[in-house]
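A.B. asks: Sending over a structure as structure tokens; questions will come in a sec.
The values are calculated or read from the model by the stated rules, or taken from the named source; none is laboratory data. In this text the structure is predicted, and so the values were computed from the model without any measurement. When we count neighbours, we look across all protein chains shown, and the Cβ atoms used for this are built from the backbone with ideal geometry, even at glycine. For accessibility, only protein heavy atoms count, side chains too; no ligands or nucleic acids. Shrake-Rupley method; radii C 1.70, N 1.55, O 1.52, S 1.80 Å.
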Amino acid sequence: MEAPWRQGGRGRGRARPGEGFAARAGAAARPPAARAHGSACVTAAGSSGETVSELSSQKKFDEIKKANQAAAKKLVEDQFSSSSEEDDEDAEVKQGKILAKTFTIYTSQTDGDASELERTRQYMNEAFQSGAMTCLICIASVKRNQAVWSCCGCFCIFHLVCIQKWAKDSVFLVSSVTDDDFGKKDYPWPCPKCRFEYKRSETPSRYYCYCGKVENPTLDPWLVPHSCGQICEREFKPPCGHKCLLLCHPGPCPPCPKMVTTTCHCKKARPVPRRCSAKEWSCRLLCGRTLLCGQHTCENPCHAGDCQPCPRVSKQRCICGRQTGERLCASPQWQCDQVCGKRLPCGNHTCEQVCHSGPCGDCPRSGKRSCPCGKSKFTLPCTEDVPTCGDSCDKVLECGIHKCSQRCHRGPCEICRQEVEKQCRCGKHTKRMPCHKPYLCETKCTKIRDCQKHQCRRKCCSGNCPPCDQVCGRTLGCRNHKCPSGCHRGSCNPCPETVDVKCNCGKTVIKVPCGRERTIKPPRCKQLCSRPPTCHHPTQEKHYCHFGRCPPCRQTCQKTLTCGHLCPVSCHDEALVKQRGSHQSAGPWEQLSEPAFIQTALPCPPCEVPIPVECLGQHEVSPFPCHSANPYSCKRFCGRLLACQNHTCMKECHHVTKLNGSADGKKAGPECLQCEEECTKPRPPGCPHRCVLPCHPGDCPSCLQMLKIKCHCKLSILYIECLKLTSADLKEKELLISCKNQCPKELPCGHRCKEVCHSGSCPLNCSQKVKLRCLCKRLKKEIQCSKIQEGRVPLECDALCKEMKRKASEIKEAEAKAAIEEEKRRQQAELEAFENRLKGRRKNKRRKDEVEIEQSSWQKYKNLIMLPVLGVAVVMVAWLMVYND
């Protein structure tokens, strides 16, 4: 709430409640020329229509728009330029630099010790803190660019205009009530906070910095608000002869940091250098000074000021010396409660004083004494009383007007009983009545009291109406309390109450004027947040006290997963999850709303801890995430040695159950493949059979099969035990394979070998008798074949043979000629037939002319001969393949 005097100019020009801040700012900041020009444009438009071109109208509109925007921007800057609104992190860093710069000269004198600056630091922090600098008169923030005044008693800061009006109103109220000659006396005015009184001549009229050196200090963002930036140089309190070394600052000056050489209180210790602000010190030795009793010495440690009274107890006589008692040594003078009782000099009376020292004095009844009314004096012995004089008393009665009409008498006079014409206090009525009785009429005063609101309403008021005794009761600017003062004129005093604005935990508290607690930001608490964690962790992450929800927990989850490991990801008990399907749009024209997020606990992700896992066949060990760390197949062949001891398992890597008593991990298990191959071990030389057993360990059994084999001559088939054949030597094999028949092989000469079936080539000495013929085959002769082969017995033709040979050649020549002629005739016949066909002869005629060509015997019977031969050849080839296998 602002004071009424600050609301000037807000009557007719006040914005309507519905208008926004920017609109009010633009309207308030619009230049008068622009407003006048706008009204002129409207008038011209209404009278003569569009007389201005579109271009010039747009230009003027832009100028007015720029002016309004600039004014609104300036108003916003002024509105939010308070030093209390810089509360972000950058402002804190800047504030720290300004404070360090302000304390530099002081800390250089104290070797960096800033412990004595806490009170001054608090005032300076309030100068920067949001809402801390508040004018208690108008209950508004004190901004950087406003003129201020600081009280020298409580160092509270007020607006300069506010304190001027406060001083003027205070002096006016006091003088209007107490001063008959209004405005002539110099009444003081108090500080609104501490009530420190200032003279009327001390009313501030100009804006100075805190130290009072610079008038109207310039606004510098790198200085404390309302500071000139120079060294303070104010005298320390209490005065020590030194001056403040801080830069111009709010609040009280810190203690003097200068070093002085001083001794202790008792002056016994040697002088030592100490801070001027703490130059009074105690050496802690016994004081030893003589006390006021004159008998004992001070037993307290070295102290400041006078020694304390002697605490010892001793027997002391009273003043009159009649009684003796134990009394403190510090107070030897004491009175007993007995009356003196000594005989006075008159000899008739005794002293009536209580225990006293010195002589008792003369008798109080001796000398000249007056009568009760004081008109007559008598000289009488002290044993006689003074008689009355018999004259009238004439003492002024209590009414102050009449005198006592009785004769001289002892004791007080009676009340005044004379009847007089009395006027009431207000002067409106008169009445005869005893003088001692006051006369108050029943007429009520209708004058307005000093509050200028209520009538006096006191019966028979004298005209000097008392101050209004009603309570003001108006709501103060804080909007929380009502004015407790008596009814008065003008604005009420600021609310004297202060409100504690606390942080969330309540350990950090700042006091603000009542009414500012709704707008000021809570203080930043440096205490750690003490709220219980909302997740499963026993403690929260360390963070400062705050309002609202705690920040999301960033600790590792550490929940025990089903595998036994701890979850390594950040805490996910309060994860923000986008809510899906919460709202279904009515159509494409509906604007998409912001996605809604809900806070929910997410399950722990699968464990990703690498676990070494051996494959099923124990071939390799590979790291796998814990959630998928199950036995796996490495896709290799099993490779375990089967029971046959010859082959390995060719199955893909698989689990193998170890048999009891099997220590070798390379042997096949029941899950491995069973060897179904034949035995492939090498057979004995010459044995064509396979092992009758399937693949087996150890040596193969002896081959007992009958070997079907041809003899040396390849004509007979013999059946011999394979064992005998493979175990026999060369001679025995030669005999076993022989069929014992004559060798059917032909010698080079063409005769059959005469030897028994044998291996190798036959002997060349043929003894067979053969007939040798001549070349023409007419002559013949029997000769041994071996000799013929040697060429030792040639048989030549005779003459007859030659003649027969000549005739035979002639016959062959004749047959050849006949064949050639026959071929020519055949070709001629074919040519004629072809020509006849070309000429288109009739069919029956062509048939007659056709010449049949006789086929040869080979062409007639070749199909009948070739088919059986090919069939036999195929059968023989198939039989040979089967036999070789």
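A.B. asks: The conditions are (1) more than 21 Å from the chain's Cα centre (by Cα); (2) under 26 Å from LEU136 (Cβ atoms); (3) open to solvent by 30 Å² or more (accessible area, probe 1.4 Å); (4) not acidic (Asp, Glu), and GLY564 fails exactly one of them. Which is it?
C.D. replies: (2)
A.B. asks: Specify which of the listed residues (ARG516, ARG524) is under 27 Å from the mean Cα position of the chain (by Cα) and at pLDDT below 85.
C.D. replies: ARG524
A.B. asks: Just to check your reading of the model, which residue among GLY411, GLY400, GLY427 is loosely packed, with under 15 Cβ neighbours inside 10 Å and in contact with a Gly (Cβ under 9 Å, 6 or more places away or on another chain)?
C.D. replies: None of the others qualify; the one that does is GLY427.
A.B. asks: Now for a different question. Out of all the residues in the range 268-290, which are open to solvent by 60 Å² or more (accessible area, probe 1.4 Å), more than 29 Å from LYS243 (Cβ to Cβ) and touching a residue at least 12 places away in the same chain (Cβ under 8 Å)?
C.D. replies: If the condition is that a residue be open to solvent by 60 Å² or more (accessible area, probe 1.4 Å), more than 29 Å from LYS243 (Cβ to Cβ) and touching a residue at least 12 places away in the same chain (Cβ under 8 Å), then LYS268, ARG284, LEU285, LEU286, ARG289 are the ones that fit.
A.B. asks: Do we have CYS435 as surrounded by 14 or more Cβ atoms within 10 Å (Cβ to Cβ), out of contact with any strand residue (DSSP E or B) (no Cβ under 7 Å at 6 or more places or on another chain) and in contact (Cβ under 8 Å) with a residue 12 or more places away in the chain here?
C.D. replies: It is false that CYS435 is surrounded by 14 or more Cβ atoms within 10 Å (Cβ to Cβ), out of contact with any strand residue (DSSP E or B) (no Cβ under 7 Å at 6 or more places or on another chain) and in contact (Cβ under 8 Å) with a residue 12 or more places away in the chain.
A.B. asks: Let me ask something else about it. Within the bounds of the range 223-242, is there any residue that is in contact with a Pro (Cβ under 9 Å, 6 or more places away or on another chain), within 24 Å of HIS303 (Cα to Cα) and not in a loop (DSSP other than H, G, I, E, B)?
C.D. replies: Looking for residues that are in contact with a Pro (Cβ under 9 Å, 6 or more places away or on another chain), within 24 Å of HIS303 (Cα to Cα) and not in a loop (DSSP other than H, G, I, E, B), one finds none in the range 223-242, hence no.
A.B. asks: Quick test for you: out of SER716, SER738, pick the one residue that is over 30 Å from GLU790 (Cα atoms), hydroxyl-bearing (Ser, Thr, Tyr), open to solvent by less than 50 Å² (accessible area, probe 1.4 Å) and free of Cβ contacts under 8 Å to residues at least 40 places away in the same chain.
C.D. replies: When all the criteria are applied, what remains is SER738.
A.B. asks: Which one of these is of a type in the set (Lys, Arg), at pLDDT below 75 and either touching a Cys at 6+ places or on another chain (Cβ under 9 Å) or over 29 Å from ARG752 (Cα atoms) (or both): LYS860, LYS824?
C.D. replies: LYS860
A.B. asks: Can you say whether SER170 is open to solvent by 80 Å² or more (accessible area, probe 1.4 Å) and modelled with pLDDT under 90, as far as the supplied structure shows?
C.D. replies: So SER170 does not fit the description; no.
A.B. asks: Just the residues that are part of a loop (DSSP other than H, G, I, E, B) and touching a Cys at 6+ places or on another chain (Cβ under 8 Å), please, taken from the range 712-722.
C.D. replies: Residues satisfying the conditions are HIS712, CYS713, LEU715, SER716.
A.B. asks: Go through (1) within 30 Å of CYS691 (Cβ to Cβ); (2) in contact with a Ser or Thr (Cβ under 8 Å, 6 or more places away or on another chain) and name the single condition SER786 misses.
C.D. replies: Evaluating SER786 over (1) within 30 Å of CYS691 (Cβ to Cβ); (2) in contact with a Ser or Thr (Cβ under 8 Å, 6 or more places away or on another chain) leaves (1) as the failure.
A.B. asks: Is the range 634-654 home to any residue that is surrounded by 13 or more Cβ atoms within 10 Å (Cβ to Cβ), closer than 30 Å to PRO568 by Cα and out of contact with any helix residue (DSSP H, G or I) (no Cβ under 6 Å at 6 or more places or on another chain)?
C.D. replies: Yes, that holds for at least one residue.
A.B. asks: Residues that are closer than 30 Å to GLN406 by Cα, without any contact (Cβ under 8 Å) to a residue 60 or more places away in the chain, of a type in the set (Gly, Ala, Ser) and open to solvent by less than 40 Å² (accessible area, probe 1.4 Å): does the range 317-328 have at least one?
C.D. replies: no
A.B. asks: While we're on this one: Taking the options CYS525, CYS492, name whichever one is within 21 Å of CYS162 (Cα to Cα) and either in a strand (DSSP E or B) or without any contact (Cβ under 8 Å) to a residue 24 or more places away in the chain (or both).
C.D. replies: The match here is CYS492.
A.B. asks: Please go through the range 294-305 and give me each residue that is exposed (fewer than 14 other Cβ atoms within 10 Å of the Cβ) and closer than 29 Å to HIS356 by Cβ, ordered by number.
C.D. replies: GLY294, GLN295
A.B. asks: Right, something else. Conditions first: (1) assigned to a loop (DSSP other than H, G, I, E, B); (2) open to solvent by 60 Å² or more (accessible area, probe 1.4 Å); (3) modelled with pLDDT under 80. SER761 passes all but one, so which condition is the exception?
C.D. replies: (3)
A.B. asks: Would it be correct to say that LYS185 is surrounded by 13 or more Cβ atoms within 10 Å (Cβ to Cβ), assigned to a helix (DSSP H, G or I) and either modelled with pLDDT of 90 or more or in contact with a helix residue (DSSP H, G or I) (Cβ under 7 Å, 6 or more places away or on another chain) (or both)?
C.D. replies: Against the criterion (surrounded by 13 or more Cβ atoms within 10 Å (Cβ to Cβ), assigned to a helix (DSSP H, G or I) and either modelled with pLDDT of 90 or more or in contact with a helix residue (DSSP H, G or I) (Cβ under 7 Å, 6 or more places away or on another chain) (or both)), LYS185 does not qualify.
A.B. asks: Could you check ARG449 against (1) charged (D, E, K, R); (2) in contact with a Pro (Cβ under 8 Å, 6 or more places away or on another chain); (3) modelled with pLDDT of 85 or more and say which number it fails?
C.D. replies: Every listed condition holds for ARG449 apart from (3).
A.B. asks: Let me ask something else. Residues of the range 205-222 being open to solvent by 40 Å² or more (accessible area, probe 1.4 Å), of a type in the set (Ser, Thr, Tyr), part of a loop (DSSP other than H, G, I, E, B) and in contact with a strand residue (DSSP E or B) (Cβ under 9 Å, 6 or more places away or on another chain), which ones?
C.D. replies: Within the range 205-222, no residue meets the criteria.
A.B. asks: Okay, moving on. Which residue is surrounded by the most Cβ atoms within 10 Å (Cβ to Cβ), if the candidates are limited to the range 438-479 and must be β-branched (Val, Ile, Thr) and under 60 Å from the mean Cα position of the chain (by Cα)?
C.D. replies: Per the stated criteria, the residue is THR475.
A.B. asks: Which one of LEU725, LEU707, LEU772 is part of a helix (DSSP H, G or I), surrounded by 14 or more Cβ atoms within 10 Å (Cβ to Cβ) and at pLDDT below 85?
C.D. replies: LEU725
A.B. asks: Determine if the range 356-369 includes at least one residue that is farther than 30 Å from THR324 by Cβ, hydroxyl-bearing (Ser, Thr, Tyr), open to solvent by less than 90 Å² (accessible area, probe 1.4 Å) and in contact with a strand residue (DSSP E or B) (Cβ under 8 Å, 6 or more places away or on another chain).
C.D. replies: No.
A.B. asks: Look at LYS459 and say whether it is basic (Lys, Arg), out of contact with any Pro (no Cβ under 7 Å at 6 or more places or on another chain) and closer than 12 Å to CYS426 by Cβ.
C.D. replies: yes
A.B. asks: For the range 511-534, which positions are hydrophobic (A, V, I, L, M, F, W, C) and buried (at least 16 other Cβ atoms within 10 Å of the Cβ)?
C.D. replies: Across the range 511-534, the qualifying residues are VAL512, CYS514, ILE520, CYS525, CYS529.
A.B. asks: Can THR383 be described as at pLDDT 85 or above, among the polar types (S, T, N, Q) and farther than 30 Å from HIS436 by Cα?
C.D. replies: When the stated conditions are applied, THR383 does not pass them.
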